[in-house]
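The values are calculated or read from the model by the stated rules, or taken from the named source; none is laboratory data. If you're wondering where the values come from, they're calculated on a predicted model, not measured in any experiment. Positions of Cβ are generated from backbone atoms using ideal geometry, with glycine treated the same way; all protein chains shown enter the neighbour counts.
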Amino acid sequence: MDKELYATEVKSYTHNKVNHVVASKKFLSEGEHILIMDDFLANGCAVEGLIDIAHQAGAIVEGVGICIEEGLPGRRGTVSARRDMM
């Protein structure tokens, strides 16, 4: 992948496929404090992918906001239980 990008793979529950998620290095810097916002939480994979990109950049994830949560069997609370990722 391009050396000017941070990249990760995220499995989409909705579309049942793996997506490549990228962020330009010019928009995310080491030590930067960020808040991750997602519109819909199905299984938490998108949030985990965004946290991965933040960590690649050396950014500090201060929190995660989700607008709508669909509690899937066996996955409810998965993201909140992974506070160690932030």
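Data table
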{"read-out": "Subset of region 34-51 that is exposed (fewer than 13 other Cβ atoms within 10 Å of the Cβ) and closer than 16 Å to His15 by Cα - its residue that is modelled with the highest pLDDT", "value": "Asp39"}
{"read-out": "Criterion: modelled with pLDDT of 85 or more, more than 12 Å from the chain's Cα centre (by Cα), of a type in the set (A, V, I, L, M, F, W, C) and buried (at least 16 other Cβ atoms within 10 Å of the Cβ) - qualifying residue of Ala54, Ala23, Ala59", "value": "Ala59"}
{"read-out": "Matching residues, region 1-20, being modelled with pLDDT of 90 or more, of a type in the set (A, V, I, L, M, F, W, C) and farther than 14 Å from Asp38 by Cβ", "value": "Leu5, Ala7, Val18"}
